[in-house]
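Enquirer: Below is one structure. I have some questions about it.
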Amino acid sequence: MSNLLSAFRLATLPAAAEAFRAEVKAFLASSFAATPPDIRARSWLGFDAAFSKKLAARGWVGVTLPAAYGGASLDAYSRFVLVEELLAAGAPVSAHWIADRQSGPLILKFGTEAQRQFYLPKICAAEAFFCIGMSEPNAGSDLASVGTRATRCEGGWRLNGRKIWTTNAQHCHYMIALVRSSGEAQDRQQGLSQFIVDLSLPGVTVRPIHDLAGDAHFSEVFFDDVLLADGALIGQEGSGWTQVNAELAFERSGPERIYSSIVLLEHWISCLRRMPGAAVHAATIGRFATHLTTLRNMSIAVTSKLVNGESPIVEAALIKDIGTEFEQSIPAILEAAIAMDPAAPVDADLYRAVAYVSQIAPTYSLRGGTREILRGMIARGLGLR
């Protein structure tokens with residue numbers, strides 16, 4: 001237990017990363033038009049290819065990828081700062097988000113040189129957007145029981161099955177899919193592989209799923225006898241489980257796991273500054289600030305492990321679980337705070353923002369691994385099971 005908890009000692013960002021922050025703030029001030037808070041609250045669900053291309057022109061998509069592949073060769077600390085400032089501003093980053101955070105680093109680490117040469121420059125130029133093919137209708141959060149199958153054939157692999165809750169699949173060019181390439185469902189983690197699927201191939205069908213907020217950032221994807229070339233396999237056949245766990249360390253530990261509701265919180269505080277008697281909410285704001293500061297430190301601590309080449313899977317799961325609880329508490333507490341003073345001046349932007357975040361917040365504990373799955377991982381990391 002002490003080994004896990006020691007991973008979260010007080011951590012700070014290096015001076016170079018903080019210097020980079022000023023550059024990012026200046027870019028956002030000049031390049032990101034003012035938008036209503038309910039739109040900014042969508043941030044890492046907001047798909048805007050043009051904005052992603054603006055970032056790419058600055059070298060800020062694929063920032064941790066090597067310059068030889070079109071990246072900026074910056075470290076994970078710099079990416080932390082970039083992501084933190086983008087989310088705080090509510091910038092629409094969803095187009096390039098997954099490719100920058102997960103797909104690019106995964107291809108860099110496990111892909112062939114041909115894959116690196118082909119995909120990474122496109123990612124860094126915001127010309128190739130990726131989605132993640134993990135969840136399935138009958139598998140839930142139990143990734144080891146996926147049923148989508150890739151079968152060897154002449155010329156490569158035949159892919160059949162379906163994926164669900166796939167973010168932005170209807171807008172993306174490629175999917176990295178975890179599928180079964182050998183064995184049966186009872187073999188669990190054995191026999192799983194990852195493939196890069198070109199979503200324009202014959203046999204691929206993408207159906208958007210509309211949520212309660214009226215958005216359609218999720219999709220269900222069907223594969224009907226899709227022919228994949230041999231070069232679509234990432235890493236070794238059968239090594240998909242190890243690879244996907246390394247990928248999830250990137251997905252679960254970043255600032256997006258603590259800042260999903262930050263635009264709403266910031267706008268509420270901004271409204272309070274214009275209201276008489278707002279001091280009654282000071283304790284609530286203090287609790288939010290304390291929780292956020294602690295979670296941010298934990299996230300930086302995990303970032304330092306990524307910088308050192310480690311794969312902090314359990315630590316990332318812990319941050320994601322606690323961070324999700326914090327993010328979901330913000331709209332609930334703010335709704336109660338707003339109801340406390342019905343005579344306060346109405347801010348239509350605040351109502352729209354809290355309505356949107358309240359509707360989308362239940363998904364926070366589903367995406368990236370459900371609370372039950374994460375807590376099982378944490379229990380094993382603590383030696384409790």
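Enquirer: Is the range 236-244 home to any residue that is polar (S, T, N, Q), open to solvent by 10 Å² or more (accessible area, probe 1.4 Å) and over 29 Å from Glu184 (Cβ atoms)?
Expert: No, there is no match, as no residue in the range 236-244 is polar (S, T, N, Q), open to solvent by 10 Å² or more (accessible area, probe 1.4 Å) and over 29 Å from Glu184 (Cβ atoms).
Enquirer: Another one. Please go through (1) over 16 Å from the mean Cα position of the chain (by Cα); (2) open to solvent by 30 Å² or more (accessible area, probe 1.4 Å); (3) over 20 Å from Ala139 (Cβ atoms) for Arg375 and return the number of the only condition it doesn't satisfy.
Expert: (3)
Enquirer: What pairs can you find where one residue is in the range 91-120 and over 13 Å from Ile234 (Cβ atoms) and touching a residue at least 60 places away in the same chain (Cβ under 8 Å), the other is open to solvent by 20 Å² or more (accessible area, probe 1.4 Å) and among the small types (Gly, Ala, Ser), and their Cβ atoms are less than 7 Å apart, with a gap of 6+ or different chains?
Expert: Ala95/Ala49
Quick grid of which residues meet (1) out of contact with any His (no Cβ under 6 Å at 6 or more places or on another chain); (2) at pLDDT below 95; (3) over 11 Å from Val221 (Cα atoms); (4) hydroxyl-bearing (Ser, Thr, Tyr):
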{"site": "Arg149", "(1), (2), (3), (4)": "yes, no, yes, no"}
{"site": "Glu154", "(1), (2), (3), (4)": "yes, yes, yes, no"}
{"site": "Asn160", "(1), (2), (3), (4)": "yes, no, no, no"}
{"site": "Ala169", "(1), (2), (3), (4)": "yes, yes, no, no"}
{"site": "Cys172", "(1), (2), (3), (4)": "yes, no, yes, no"}
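Enquirer: Report whether or not Thr242 is over 17 Å from Asn138 (Cβ atoms), in a strand (DSSP E or B), of a type in the set (S, T, N, Q) and without any contact (Cβ under 8 Å) to a residue 24 or more places away in the chain.
Expert: no
Enquirer: Report the residue count in the range 166-182 for those that are in a loop (DSSP other than H, G, I, E, B) and without any contact (Cβ under 8 Å) to a residue 40 or more places away in the chain.
Expert: Number of matching residues: 0.
Enquirer: When you check Asp215 against the structure, is it touching a Phe, Trp or Tyr at 6+ places or on another chain (Cβ under 7 Å), of a type in the set (D, E, K, R) and modelled with pLDDT under 95, yes or no?
Expert: Criteria not met by Asp215.
Enquirer: A further question on this structure: Would you check which residues across the range 134-165 are free of Cβ contacts under 8 Å to residues at least 12 places away in the same chain and among the hydrophobic types (A, V, I, L, M, F, W, C) and list them?
Expert: Across the range 134-165, the qualifying residue is only Ala139.
Enquirer: Quick one: which helices (runs of 4 or more DSSP H) lie wholly within the range 281-371 and hold at least 3 residues that are within 30 Å of Asp75 (Cβ to Cβ)?
Expert: The qualifying helices (runs of 4 or more DSSP H) are 282-307, 313-340.
Enquirer: Let me ask another. Anything in the range 209-234 that is over 15 Å from Asp198 (Cβ atoms) and open to solvent by less than 20 Å² (accessible area, probe 1.4 Å)? List them, or say none.
Expert: Correct list: His217, Ser219.
Enquirer: Right, here's the next one. Can you pull out the residues in the range 85-101 that are buried (at least 23 other Cβ atoms within 10 Å of the Cβ) and under 16 Å from Ala22 (Cβ atoms)?
Expert: Leu86
Enquirer: Quick check on Gly383: is it surrounded by fewer than 20 Cβ atoms within 10 Å (Cβ to Cβ), on the phi > 0 side of the Ramachandran plot and not polar (S, T, N, Q)?
Expert: For Gly383, the condition - surrounded by fewer than 20 Cβ atoms within 10 Å (Cβ to Cβ), on the phi > 0 side of the Ramachandran plot and not polar (S, T, N, Q) - is met.
Enquirer: Residues of the range 64-84 being open to solvent by less than 30 Å² (accessible area, probe 1.4 Å), among the β-branched types (Val, Ile, Thr) and in contact with a Leu (Cβ under 8 Å, 6 or more places away or on another chain), which ones?
Expert: Result: Val81, single match.
The values are calculated or read from the model by the stated rules, or taken from the named source; none is laboratory data. It should be emphasised that the depicted structure is a prediction, and the values quoted were computed from it without experimental measurement. In this analysis, Cβ positions are derived from the backbone assuming ideal geometry, glycine residues included, and neighbour counts consider all displayed protein chains. Protein only, heavy atoms only, side chains kept; ligands, DNA and RNA dropped before computing areas. Shrake-Rupley method; radii C 1.70, N 1.55, O 1.52, S 1.80 Å.
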